[in-house]
Every structure is written in C-alpha cells, then in structure tokens.
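Below: the structure, in structure tokens.
The values are calculated or read from the model by the stated rules, or taken from the named source; none is laboratory data. Keep in mind that what you see is a predicted model, and the values were worked out from it rather than measured. Using ideal geometry, Cβ is built from the backbone for each residue, glycine included, and neighbour counts are taken over all protein chains shown. Side chains are part of the model used for accessible areas, which takes the heavy atoms of the whole protein and leaves out ligands, DNA and RNA. Shrake-Rupley method; radii C 1.70, N 1.55, O 1.52, S 1.80 Å.
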Amino acid sequence: MAEEHEKHEPTLIDKITEKFHSHDSSSSSDSDNDREEKPASKIYRLFGREKPVHKVLGGGKPADIFLWRDKKISGGLLGVATAIWVFFELLEYHLLSLVCHILILALAVLFLWSNASTFINKSPPKIPEVIIPEDIILGVASAFRVEFNRAFAIIRDIARGRDLKKFLAVIVGLWVLSVLGSCCSFLTLFYIGFILVHTVPVIYEKYDAQIDAFAERAEAEFKKQYAVFDAKVLSKIPKGIKDKLP
C-alpha cells in the first residue's frame with residue numbers, strides 16, 4: 001500500500017508543469033473573453049442615422065417617390081413642378097388666371113365633344129373618376145408631421161437656451177435664407193427645395209458610404225473650429241452670463 005501511495009504522489013516537476021498549464025489556459029480564456037466583449041467600432045452615419053434611407057423618409061409611397069422607386073410618379077411630379085415654375089416665374093403668369101384658363105379649356109372641349117358625339121355617331125368621351133388614395137395623403141401628411149414636430153422641438157430647445165451649437169446653426173441658416181430670399185422669389189426657393197428633395201435622398205442612398213466619410217471629416221473640422229471659437233470668445237464671457245449658456 002505504501003508503494004502504491006508513493007507511485008501516485010505527484011512530484012515537484014509535475015506540480016510546476018500543472019501550474020504553468022493552468023496559467024496558460026486561464027490567460028487564453030481571458031483573452032478570448034476580452035476579444036468577445038470588445039465592441040466593434042461604430043460606423044459613422046450622417047445625422048446619426050441608424051435605419052435605411054427609405055425608413056428614415058417614413059417608408060411607403062412618399063419614400064418611394066423621393067427615392068425614385070416609382071419613376072413615373074417621381075418624374076411626373078418633377079415635370080409638373082417645373083411647368084408651374086416656368087409658368088409663374090419665366091412667363092409671369094398668375095395662379096388664379098392659369099387655373100381658370102385650364103378649366104375653361106378642358107370643360108369647353110369635353111362639353112362640345114359630349115354634345116357633338118350624338119351627331120357624328122361617335123362615343124362620348126370617357127371621363128375617368130379621379131379618386132386620390134387615402135394612404136398617399138396620410139403618408140405625405142405623416143412625413144411632414146414628423147419633420148415639423150422635430151423642427152418645433154429644435155426651436156423650443158434653442159429658445160430655452162439649451163443648445164448653443166444649434167442656436168448658431170439656425171442663425172446662420174436663417175441668414176442664408178434671407179440672402180437667398182432677397183435674390184429670388186418664394187416660388188423659386190420652393191422649386192429649389194422640391195428639386196433637392198427629389199435628388200439629394202436618392203444620391204445619398206447611392207453614395208452613402210462616401211458621403212458619410214466626408215461628413216465625418218467635416219464634423220471633426222467643425223468641432224475643431226468650435227473649440228477654437230470657445231477658447232477665444234466663449235471663455236471670455238463673464239461668468240454670470242456664461243453659466244446660463246448650455
């Protein structure tokens with residue numbers, strides 16, 4: 001029995017080897033856990049976007065129109081907007097006169113055609129029943145509602161003095177709009193905005209990686225310039241006034 005006990009008793013070398021093995025396994029398991037727990041670097045998205053562009057625009061039919069998923073409707077709306085701008089800006093037509101003249105011409109043609117069809121033995125004109133789908137109107141209204149609520153929330157935060165960066169950005173934006181308003185009419189500005197809405201989202205969806213990379217560099221440069229402005233201007237504001245700033 002004593003010989004068997006001596007045979008199974010571990011030697012000093014066995015103990016040291018077992019200690020090294022246990023240390024290696026624990027260190028490797030710790031490194032594996034650190035590798036698993038280390039979060040992946042977050043990809044920069046413009047305006048903190050976490051959803052596809054189609055979802056950001058509200059999804060549904062309005063997003064399809066803005067992203068040219070339905071090219072006939074998108075092209076038709078763009079053509080109508082361009083025709084309206086040409087009539088009112090280049091030809092200096094008035095809205096009420098244009099609507100009345102179009103209705104007079106259309107009703108006259110249809111009225112004469114319907115009455116003359118009995119004399120020339122031809123079928124009367126087939127006038128389609130125009131019904132605007134409710135989902136399109138609700139989708140457009142929902143998209144505008146979200147944007148208006150977001151704009152009002154930003155204005156409220158700025159008015160309460162909580163965000164100096166937004167305050168400066170809005171001031172600059174309003175000043176740029178005032179300069180543009182002095183150069184062109186409201187209809188031209190609306191038409192430019194309509195063109196941008198129908199071009200910028202689809203371009204961004206196609207080249208989002210390049211635009212996000214450029215926006216990340218631009219934001220870094222803006223933060224750098226803002227830090228310089230803070231050091232040279234904001235830091236010199238008296239303490240009683242500066243405490244009220246965000």
Filtering chymotrypsin sites (Phe, Trp or Tyr not before Pro) in the range 104-160 by DSSP loop and by at most 11 other Cβ atoms within 10 Å leaves F119
Whole-percent pair-distance distribution, where bins are 10 Å wide, for the alpha carbons of the range 91-171: 13, 19, 18, 20, 13, 9, 6, 2
Local electrostatic count, D70, Cβ distance below 11 Å [Lys/Arg +1, Asp/Glu -1]: +3
By the gyration tensor of its Cα atoms, with a ≥ b ≥ c the square roots of the eigenvalues, what is the shape of the range 70-122: rounded for a/c under 1.5, prolate for a/b over b/c, or oblate? oblate
Let me cross-check L138: its accessible surface, 1.4 Å probe, with only protein heavy atoms counted, in Å² to the nearest 10? 100
Trypsin sites (Lys or Arg not before Pro) within the range 96-165: which are DSSP loop residues with at most 10 other Cβ atoms inside 10 Å? K122, K126, R160
